[in-house]
Every structure is written in C-alpha cells, then in structure tokens.
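Heads up, the thing below is written out as structure tokens.
Read-outs: derived from the displayed coordinates by stated rules, not from any lab. Since the structure is predicted, the reported quantities are computational estimates derived from the model, not experimental observations. Heads up, the Cβs are rebuilt from the backbone with ideal geometry, glycines too, and the neighbour counts pull from every protein chain shown.
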Amino acid sequence: MSGPVDLAVVGSGVAAYVAALEAASSGIRVLHLAGTGLPGGLVGNIGELDDYPGSPNPVSGAELIDALSRRGLDSGVERVTQDALVLEPTASGFAITGTQNRWQATQVIAATGAALKPLSVPGAERFVNRGLLQCAWCNAGLYRGRRVVVVGGGDSALQEALHLARHADSVVIMVRGDTLRARQRFAARAADIESIEFRWESELLSLEGADALEGVMIRDRYADAPERINCDAVFAYVGLSPCSDWLGALVERDPQGAVITDSMLQTRTPHVYAVGALRSGYSGRLAVAIGEATLAAQLAARAIA
C-alpha cells in the first residue's frame, strides 16, 4: 500500500475529473483512480457537449476531459489508470484495492457513473459491433446514405439520432411509449428533420440478418401483426446501470442500483460521497454532475482542513 492520501476520487467521467481538480486546488493530497476505460466515460466520444456550463460554444467530450486532466495534474492530482475493485473501511479511513495496487485514503468520492444497458432481444448478442452499436459519434460516418434505427426516448437517444441524421439517409426512432423523456429542445430539433421518423408505442422484438444486420422486427401497439423494418444498424439507448459494485456494503442503493446519498452527497458511510450518474436522483444533466462534484470536493477539503 502506498502512502495515504487525503481524498481518493474514483471514476473516468467528467464528474471525477472535476472533483479531483477542485479538491487538489484546495491544497489537499488527491489520488484519482481514472479507470482503464475511455477517459470521459459516456461523454468521452460525444462531439458536442452543448450543455457544458461556462462555454459559449459546444465542446467535445474529448476536449473537455483533456483540459480537465491537464489542469488537475498541474494542481497536483495523482492520477492512475486503474479500476477500483473493492472499497473497505480501515482504522484511519478507507482502503481501495485496484487492478494492480492498493491505496489508503481518508475520504472517498465515488464518481464511477453508469454504463449503457445492453439490448436484450433475440439476435442482439450476435450483432454486437456488427450492426448493433451504442456510439453514434464513433460510427455514424459508416452509415452515410443508409437507414438506421435508434431505440430509446431519452436525451442520449435523441442526441445520437440528431448526429446520425447528418450522415444516414433515414433515421427511425423507436419509442416504447407515446411521449419522449428527452429534453424539449432535442425533441423539437428532431421533429424538424425530415429524415427522422418516430415510431411511437413500438416494441423491438428481434434483430434479423445473416452475416450482418439486415433489419429488425417490431410490434406496433395498434398493428395487427409484427412488422419488419429494413436497416443497416441499430443504436440502442435503453437505460443505464450504475457502476456501484465496487462500493460493496458501505453504501445503500435504490432498486436500480444507484447509490443513495443525503442532501450533502454523503452515503450512509461517513466520508464516502457519491456524485453524478452513480447517485440516486441524478437528473442526467452534465451541469448538475459538475455541480455535485464541486460540492463533494469542497466538503471533503473542509473536513481535512
């Protein structure tokens, strides 16, 4: 175990980078376990973060994370690219076991976010990365002039559909209900694009094809029989699974697995905070995640002072 730190921040997303920067800027010793995945988490591949506070123009996820990373290192953040596996209490704080090392920290900010849920219908496993995808910003250019299907009615689904519409000839958005969960401005933009078609109250039944994806079978609530939609790709945004397993019994979770905190972002274990998409009640807004990360870092710094 290396020397103890005042605060360990765990996570690869924007909230984790902000929390580490804010805490280190307060003069305490900060360890940031940034994970082994893509820096930025779910926003790392997004080309335009148009709700990032303080920026008059959209910035990409990669640009934002790069700037936060450099500022954090300049402020003294000790960053390691390992995943946190287990968090355990000790006499002086907490021990965090990573994929290669073990660290001691007086306090912990958990910012490990959430992962996109996989699509669970017949044919899904067979077509993962062969037509079934979850990153339009990474793959939209491959489907120029083609027809694609987006599954979901939240912000992620609409944002990805809007980007896909710049490349694909036709974008079909499948929504299980009769309304969208996405913000109104995303819905309004999508409604104004002729190449985007909404299929309301529709259920995805299966993915079809031989060597590559060729289409999907859907059931419309008002149709007498299932319908096939020919397409070249399916982009699925059917919910999130909080990445909270590494916290073990130190935290309480809601039925979806998100970590329950009090109004000051503290879990049931004193000095363990949870912020962003990991936290129960999180609104899904990037600006909110940044605000939560900033508050948790300030509270942790005050506790050390």
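At-a-glance table
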read-out	value
Thr36 paired with Glu227, simple spin-label distance in nm, labels 7 Å along Cα-to-beta-carbon	4.5
When region 118-236 is reduced to its Cα atoms, the Kirkwood hydrodynamic radius in Å	14.1
Nearest-0.05 FRET efficiency for Ala115 and Glu63, computed from C-beta distance (R0 22 Å)	0.45
Answer label, with Rg and Dmax of the Cα atoms in Å calculated from the coordinates and candidates [x] 19.5, 57; [y] 21.5, 71; [z] 21.0, 67	[z]
Extended-chain gain in nm, criterion 0.36 nm per residue less alpha-carbon gap, Ile304 and Val128	58.7 nm
The chain, relative contact order [Cα under 8 Å, separation at least 6], %	20
Centre separation in Å (Cα based) which lies between region 81-111 and region 178-219	42
Inter-label distance, nm, simple model (7 Å from Cα along the C-beta direction), Ser75/Ala91	3.3
Computed [θ] at 222 nm, deg cm²/dmol, the chain (DSSP H ≥ 4; -39,500 (n - 2.57); rounded to nearest 500)	-6500 deg cm²/dmol
Cysteines having no other Cys beta carbon under 4.7 Å from their own, within the chain	Cys231, Cys243
